[in-house]
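A quick write-up on the structure given underneath.
The values are calculated or read from the model by the stated rules, or taken from the named source; none is laboratory data. This one's a predicted model, so the numbers in the text were calculated from it and none came from an experiment. When we count neighbours, we look across all protein chains shown, and the Cβ atoms used for this are built from the backbone with ideal geometry, even at glycine. Each accessible area value is taken on the protein alone, full model and side chains, heavy atoms only, with ligands, DNA and RNA left out. Shrake-Rupley method; radii C 1.70, N 1.55, O 1.52, S 1.80 Å.
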Amino acid sequence: MTLFPASRDVITDRGDAGRRLDLVLRRHLADVAVATRTQIQVWIENGQVRVDGQPVRRVATRARSGAHVSILLPDRAPRMGVTAEDLALDVLYEDDHLLAVNKPAGMVVHPGYRHTTGTLLNALLWRARGWTGGQRPSLVGRLDKLTSGLVIVAKTAAVHTSIQRARESPASKREYLAVAYGRVKARGAVDFRLASDPHQRQKVVVSPVHGAASFTRFERLAHVAAPHAGLSLLRCRLLTGRRHQIRVHLAASGWPLVGDPDYGEPRWARILDTTLAETVRAFPRQALHSWRATFVHPLTRERLLLEAPVPEDFERLLVTTHLCEFRQDACGT
């Protein structure tokens with residue numbers, strides 16, 4: 001099998017400002033198995049990292065928000081090893097430069113050693129067979145396997161970088177819907193710093209000293225008393241895009257997501273209404289849906305508003321718990 005050097009582009013965000021470049025890249029390359037902090041330092045010293053087009057060789061260089069960082073990764077198996085598969089795709093929007101899809105809960109976004117087929121990228125590669133030469137799907141952000149909703153896909157590396165930059169604008173929005181336990185206040189923000197769990201790399205923990213700055217705004221759309229537990233429907237807006245950010249921020253605030261297998265709690269057992277308790281207990285995943293994205297199109301300069309309809313399981317949870325039937329007038333949307 002032929003190997004080739006792969007390039008990776010990232011746009012630093014507000015949480016990266018003032019942090020060492022090696023630490024910033026360690027976070028952004030969390031999905032790259034070989035990207036340990038020591039290895040990233042070697043890449044920087046070898047001139048494999050450029051910031052805004054200029055090579056940077058000091059690992060302690062401080063990052064700024066909005067910088068374009070390009071990393072030349074070591075030789076690895078070519079992406080052509082990912083197989084195009086004829087899988088169903090719910091395409092919400094598409095033009096010559098990007099598309100938006102509605103990912104179902106349970107679908108893995110990107111192939112890995114445990115999931116080599118059946119992923120969103122496998123399906124996108126099949127769709128890309130009809131694209132013009134040189135275009136290839138590039139995921140702008142990712143969703144956890146058990147999170148449903150909107151995923152933005154760029155068709156070229158240049159468009160990917162432009163969308164990332166556009167998403168850092170204060171005028172851009174990334175909104176999620178979440179059902180959480182607890183009597184959540186009407187609105188607020190969470191700014192706990194987040195880092196990888198040193199004992200379980202697949203998980204994230206609040207880390208005031210070593211964590212990356214992370215910001216989530218929330219608004220309570222509806223709530224039910226559910227004595228001894230409480231249930232709230234929240235609209236969450238990401239100001240940074242850390243892994244598991246909403247799940248960890250809400251759990252650390254005392255409002256874990258219903259059904260969250262990693263950061264949740266079995267608070268359904270406290271609910272006195274047995275029907276309500278069973279409905280919540282039976283929900284098979286974290287109650288989190290990537291709902292809306294608003295940003296300026298990188299080529300046409302039009303303002304795009306993309307929305308993923310609430311899936312049946314999530315809507316059924318809302319209706320059965322009496323949180324909301326998810327009508328526009330009922331949820332203030």
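In table form, for the structure just shown:
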read-out: Selection status of GLU168, modelled with pLDDT of 90 or more and more than 23 Å from PRO266 (Cα to Cα); value: no
read-out: Number of the condition not met by ALA178 [criteria: (1) open to solvent by less than 60 Å² (accessible area, probe 1.4 Å); (2) under 18 Å from THR12 (Cα atoms); (3) not in a helix (DSSP H, G or I)]; value: (2)
read-out: Test: residue in region 25-36 that is modelled with pLDDT of 90 or more, over 19 Å from the mean Cα position of the chain (by Cα) and open to solvent by 70 Å² or more (accessible area, probe 1.4 Å); value: no
read-out: Breaking point among (1) surrounded by fewer than 20 Cβ atoms within 10 Å (Cβ to Cβ); (2) out of contact with any His (no Cβ under 9 Å at 6 or more places or on another chain); (3) touching a residue at least 12 places away in the same chain (Cβ under 8 Å); (4) not in a helix (DSSP H, G or I), for ARG301; value: (3)
read-out: Unmet requirement for ARG285, which otherwise passes all of (1) touching a residue at least 60 places away in the same chain (Cβ under 8 Å); (2) surrounded by 20 or more Cβ atoms within 10 Å (Cβ to Cβ); value: (2)
read-out: Residue ranges of strands (runs of 3 or more DSSP E) in region 11-126 with at least 2 members within 30 Å of VAL310 (Cα to Cα); value: 91-94, 98-103
read-out: Hits in region 37-58 - residues which are under 27 Å from the mean Cα position of the chain (by Cα) and open to solvent by 40 Å² or more (accessible area, probe 1.4 Å); value: ARG37, THR38, GLN39, GLN41, GLN48, ARG50, ASP52, GLY53
read-out: Checking LEU194 against (1) crowded, with 23+ Cβ neighbours inside 10 Å; (2) closer than 21 Å to GLY149 by Cα; (3) under 17 Å from the mean Cα position of the chain (by Cα); (4) not charged (D, E, K, R), the condition it does not meet; value: (2)
read-out: Sole exception among (1) touching a Phe, Trp or Tyr at 6+ places or on another chain (Cβ under 8 Å); (2) open to solvent by less than 30 Å² (accessible area, probe 1.4 Å) for LEU233, by number; value: (1)
read-out: Residues (under 21 Å from ALA178 (Cβ atoms) and of a type outside the set (Gly, Ala, Ser)) located in region 202-218; value: GLN202, LYS203, VAL204, VAL205, VAL206, PHE215, THR216, ARG217, PHE218
read-out: Residues (farther than 14 Å from ILE152 by Cα and aromatic (Phe, Trp, Tyr)) located in region 92-108; value: none
read-out: Residue list for region 127-167, filter: farther than 25 Å from ASP262 by Cα and part of a strand (DSSP E or B); value: SER138, ILE152, VAL153, ALA154
read-out: Region 198-212, residues that are modelled with pLDDT of 85 or more and surrounded by fewer than 19 Cβ atoms within 10 Å (Cβ to Cβ); value: LYS203, VAL206, SER207, PRO208
read-out: LYS155 open to solvent by less than 50 Å² (accessible area, probe 1.4 Å) and of a type in the set (Lys, Arg); value: yes
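Conditions (1) β-branched (Val, Ile, Thr); (2) under 26 Å from PHE314 (Cα atoms), marked per residue:
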{"residue": "SER138", "(1), (2)": "no, no"}
{"residue": "ARG142", "(1), (2)": "no, yes"}
{"residue": "LYS145", "(1), (2)": "no, yes"}
{"residue": "SER148", "(1), (2)": "no, yes"}
{"residue": "ILE152", "(1), (2)": "yes, yes"}
{"residue": "VAL159", "(1), (2)": "yes, no"}
{"residue": "ALA166", "(1), (2)": "no, no"}
{"residue": "LYS173", "(1), (2)": "no, yes"}
{"residue": "TYR176", "(1), (2)": "no, yes"}
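Residue by residue, here is whether (1) touching a helix residue (DSSP H, G or I) at 6+ places or on another chain (Cβ under 8 Å); (2) touching a residue at least 40 places away in the same chain (Cβ under 8 Å); (3) open to solvent by 40 Å² or more (accessible area, probe 1.4 Å) holds:
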| residue | (1), (2), (3) |
| --- | --- |
| ALA60 | yes, yes, no |
| TYR93 | no, yes, yes |
| PRO111 | yes, no, no |
| ARG114 | no, no, yes |
| GLY130 | no, no, yes |
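Matching residues to (1) open to solvent by less than 70 Å² (accessible area, probe 1.4 Å); (2) basic (Lys, Arg); (3) in contact (Cβ under 8 Å) with a residue 24 or more places away in the chain:
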position	(1), (2), (3)
ILE246	yes, no, yes
SER253	yes, no, yes
VAL258	yes, no, yes
ARG270	no, yes, yes
GLU278	no, no, no
ALA293	yes, no, yes
LEU305	no, no, no
GLU315	yes, no, no
THR320	yes, no, yes
